[in-house]
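Remarks on the structure that follows.
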Amino acid sequence: MHFEYVYPDPDTLFTALHNYCVKALQTDLETEAKVSCYLSGGSTPLPLYALLARSELPWQRICPALVDERWVAVDHAASNEGMLRKHFSQQADFLTQLKGMKTGHTTARDAESACNELYATLPQPVSFCLLGMGGDGHTASLFPHAQGLTEAFQTTSTCKSLTALPSVVTGSLTERMSLSLAGILQAKRIVLLFTGKQKWEIYQKALHCSDKAAMPVSAVRQQ
Ligand code: 6PG
């Protein structure tokens, strides 16, 4: 089932999304000892993370994990894991539970099996996967025509390394680890979050796009 919610302003959007995420976690925790959730990087979700970081949630029973990662050290300004650790710096249990994708391996490709082994330890269910969308139609780090994208669509593994084509969206951060399509679809609920008219138009295109290599977000939306 797909539901589309359009909000008139950011405050209304993030209040509703915060309530949705909290309810998803609380509902699953009524029947599960532990759950996971997948969180994206980028800038759009930051108001949500600020709200979640102030929420009274049993983070000791919730395992947050990255949707994707730029292949940089966690203390690098572009690290998605670093961004999450900064936003949740007051939630000790969140910081303990958070599973990142960045390993000590030189390349994301070398880290694939270690990353998949780590993600295999995540408690099920994944209550929600929060995805963003770029203006180029990417989601997670499934970038258009990226090296590794076909495998990322086809693999049953949860995590897949990719090398994006350099673009204004990727900048120099082309080496990535990402949830594969199968990894994204493991989640009980998938939220695709974006703001602004330009991304709305990209989304409308993705609804009918038949070339998922050109608009990877369509591979998720058309499930
Ligand atoms: C990343 C993100 C990425 C993000 C989109 C949207 O590592 O860059 O995970 O997939 O969700 O690029 O980014 P903005 O929210 O900043 O527009």
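The values are calculated or read from the model by the stated rules, or taken from the named source; none is laboratory data. Keep in mind that this is a model prediction, so the values were computed, not measured. Cβ: placed from backbone, ideal geometry, glycine included. Neighbour counts: every protein chain shown.
Which of (1) at pLDDT below 95; (2) part of a helix (DSSP H, G or I) does F3 not meet, given it meets every other one?
Tallying (1) at pLDDT below 95; (2) part of a helix (DSSP H, G or I), F3 fails exactly one: (2).
In this structure, does E81 turn out to be on the phi < 0 side of the Ramachandran plot, within 16 Å of the ligand (Cβ to nearest atom) and without any contact (Cβ under 8 Å) to a residue 24 or more places away in the chain?
yes
Quickly run through the stretch 157-191 and pick out the residues that are among the small types (G, A, S), under 14 Å from the mean Cα position of the chain (by Cα) and within 11 Å of the ligand (Cβ to nearest atom).
The one that is among the small types (G, A, S), under 14 Å from the mean Cα position of the chain (by Cα) and within 11 Å of the ligand (Cβ to nearest atom): S178.
Please work out which residue is surrounded by the most Cβ atoms within 10 Å (Cβ to Cβ), limiting yourself to the stretch 192-210 and to residues that are part of a loop (DSSP other than H, G, I, E, B) and within 11 Å of the ligand (Cβ to nearest atom).
Of everything passing the filter in the stretch 192-210, F194 is surrounded by the most Cβ atoms within 10 Å (Cβ to Cβ).
Might you check whether a residue that is assigned to a strand (DSSP E or B) and either near the ligand (Cβ under 10 Å from one of its atoms) or hydrophobic (A, V, I, L, M, F, W, C) (or both) occurs anywhere in the stretch 101-118? If you could, list the steps in order and put the result at the bottom.
Taking the stretch 101-118 and keeping what is assigned to a strand (DSSP E or B), we get none.
No; the residues of the stretch 101-118 include none that is assigned to a strand (DSSP E or B) and either near the ligand (Cβ under 10 Å from one of its atoms) or hydrophobic (A, V, I, L, M, F, W, C) (or both).
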